[in-house]
Structures are given as C-alpha cells and as structure tokens.
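Trainee: The structure's right below; bear with me while I get my questions together.
Every read-out reported here was derived from the displayed coordinates using simple, explicitly stated rules and does not represent laboratory data. All figures in this text were calculated on a predicted structure; none of them were measured in a lab. No Cβ is skipped: glycine too gets one built from the backbone with ideal geometry, and neighbour counts run over all protein chains shown.
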Amino acid sequence: MNIIKKILFLGCNHDQIPYLKSLKAYPFKIIGTDLNPNPPGKSLCDVFYQVAYNDINGLMRIGQEQNFDSKDKVFTGAAQFAHKGAAHFASEFDIDYPSETAIDLCLNKVAYYERFKKLGIPIPITMIISTKEELDKVLPNLDMKSHYFLKSDYSKNPNYLYKFMPDDIQTNKVFWGRDRYLRECYILQQEFKGDSLRVNIYGNRFNVFQFSTSLKLSTLKKKLVPKGVIEDLKRFITDQGLVKWLVKFDIILKNDNYVGLDVGLDPPFRMVKEAEKRGIDFAQYYLEHYLNDNICYPSWMD
C-alpha cells in the first residue's frame, strides 16, 4: 500500500462515520472539515477545521496550513455538492481527482442532459423554462393526458421537483426565486413510463436496483447489456474522466427503449443498505476503491 501523508476528509456527520472509522486502517493523517463545530465524526479526525465543503477560501487555507501536495488525498462521503470543493482543492494542490468542470456538469441538469444527447444517451421530451410566464405559455400546448415533471437545474429531491398534469398546476405556487437549487431555470419533461431503475457502475462491473423498492435486480441486469444501455452510460463516464469512480445513473426502461434521468457521484445509498442487510462494512470497499483504485466489492454486489 502506498504511504499517503495526509487526507482531507470533507464532512464529518453521522453518514460519514463509517468511512472515517474504516480510514483508520490506512496510514493517513486525517484532516477533517465540517460546517458544524462539533460534528459526530470530529473525534475520529487527527485535525479538525470548522469549514464548510463549499468554503473554497477556507479549504485553501487548510491546504496551505497542512502543507498538502500531490502525494496526499482528498475524500468525501458527503452530499454530491461536496465534490466541487474537493475538486477545487485537489486541483490547487495537484492531487489526483476528477476535474471541477466534470463535477460542475454532473451537478447541473441542463449541462448533463445536453451531454447525454451529444453522447447518444436518450432523454425524455425536454424543455427549458426560466420564468412563470414561459411555463404559462407552454402549458396549453402540452399533452393534456400526460404527466409532466418540473425540476430545477440544481435540484436534489425533494427540492423543487413538481409532478403535474398540464391542466392541474398552479404556476404561482411554483418557487421562482433563486438559490442553490434553482440557479437559472427549470427543466420541464414529459413522463416516460416504464421501470425506474438505479444503475451503479464501478469499473467493468455494475448492478441494478429497482428505484421504488431498492431491490437489487440481477435478472434485469442481464437485459441491459444487449440493449446497449451500459455501453451508453460508460461513454459518459469516460467522457467526464470518472472511470476510477462509482457513478450512479437513474434511468427508465420500457421494452427496448430507455431514457437517462440523473447522474450521481455521492455514495450509493442502495448498495450501502444492501451491505448493511448482510452485515458487511461497505465503507471499507468504497475506500479501497477510491484510495487505491482497487475494485474489490463482494461479487454479490453485482
């Protein structure tokens, strides 16, 4: 195992504790950060800073004070937004990590839907809506028998996600301000009916979960390869320089057709729960993957 001097660990809340505990098996000096001055994982860090993962100046200060360099590491098991701060930090100190540009694209629905289309990944019928007036104008032209989804460009469930019929939405009750979840526009999509699936891809391996029940579907998994779905999604992973990571996709599959809905970079909730049911520490495999590029998840994960 390569000796790493230090690791910047962003986020020390309850959900990150398993990763911090497993990290103790590695020869790292753990530099932890969190917005909370006394998060649950603070005691597991060698050094702790009260710095939020989106506080770029604060993170740069930590890197300078702790003398980070290219031999060190950055890790976060926190929300997907935390990767932006991690990527910026990694770039500043020449640490191996996906680019901030790739992280930005995966956070922005407008950007990754455009990328999906360019890479041949199908998406639902989609329109961009910036104002209440624009939505009011398009409603009469929609299919009145179909459901639609309105989701903000940076939304994460349950923030600014609306499902409606064209004749049954009060547009004045839609949030039209601007904040971290709605920065420029909404994405309006017609419902694509089929099986809602979560696909987790890690290296040359992958698994499939039913979205609503979180049941792992080994039989359905076998059908996705000949349909070209996995090849399509891997093309996005390669395009964005994420081949060393576990990347999550939400898709809807109907017969021989599918659409891509979402991409995620945070820890895979359904795989974590599957491991917990079996009494397995998922964090140790996830860390080995991210820190040593060693994909060694148990075979039953596939």
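Trainee: Could you order the peptides 260-266, 36-42, 92-98 from most to least packed, using the average number of other C-beta atoms within 10 Å per residue?
Mentor: By packing density, highest mean first, the sequence is 260-266, 92-98, 36-42.
Trainee: Can you bin every Cα-Cα distance in the chain into 20 Å intervals starting at zero and give me the percent of pairs per bin, rounded to whole numbers?
Mentor: Spelled out per bin, shortest first, that is 31, 56, 13, 0.
Trainee: Taking the Cα atoms only, what angle lies between the long axis of helix 56-65 and the longest principal axis of the chain, rounded to 10 degrees?
Mentor: 20
Trainee: Can you tally the net charge around Phe93? Count Lys and Arg as +1, Asp and Glu as -1, for every other residue whose Cβ sits under 9 Å from the Cβ of Phe93.
Mentor: Local net charge: -4.
Trainee: Please list, short to long, the whole-number percent of alpha-carbon pairs of the range 126-190 in consecutive 5 angstrom bins beginning at zero.
Mentor: 4, 19, 33, 27, 12, 4, 0
Trainee: What FRET efficiency, computed as 1/(1 + (r/R0)^6) with R0 = 41 Å and r the Cβ-Cβ distance, is obtained for Thr238 and Asp167, rounded to the nearest 0.05?
Mentor: It comes to 0.40.
Trainee: By count of other Cβ within 10 Å, fewest leading, how are Arg278, Arg198, Arg205 ordered?
Mentor: The most exposed by this proxy come first: Arg278, Arg205, Arg198.
Trainee: Right, next: Cα-based Rg (one decimal) and Dmax (whole number) for the range 194-301, in Å?
Mentor: Every Cα atom of the range 194-301 included, Rg and Dmax give 13.4, 39 Å.
Trainee: What does the charge count around Asp179 come to, taking other residues whose C-beta lies under 14 Å from its C-beta (Lys +1, Arg +1, Asp -1, Glu -1)?
Mentor: +2
Trainee: Assuming R0 = 30 Å, can you tell me the calculated FRET efficiency for the pair Asp136 and Asn108, based on Cβ-Cβ distance, to the nearest 0.05?
Mentor: 0.75
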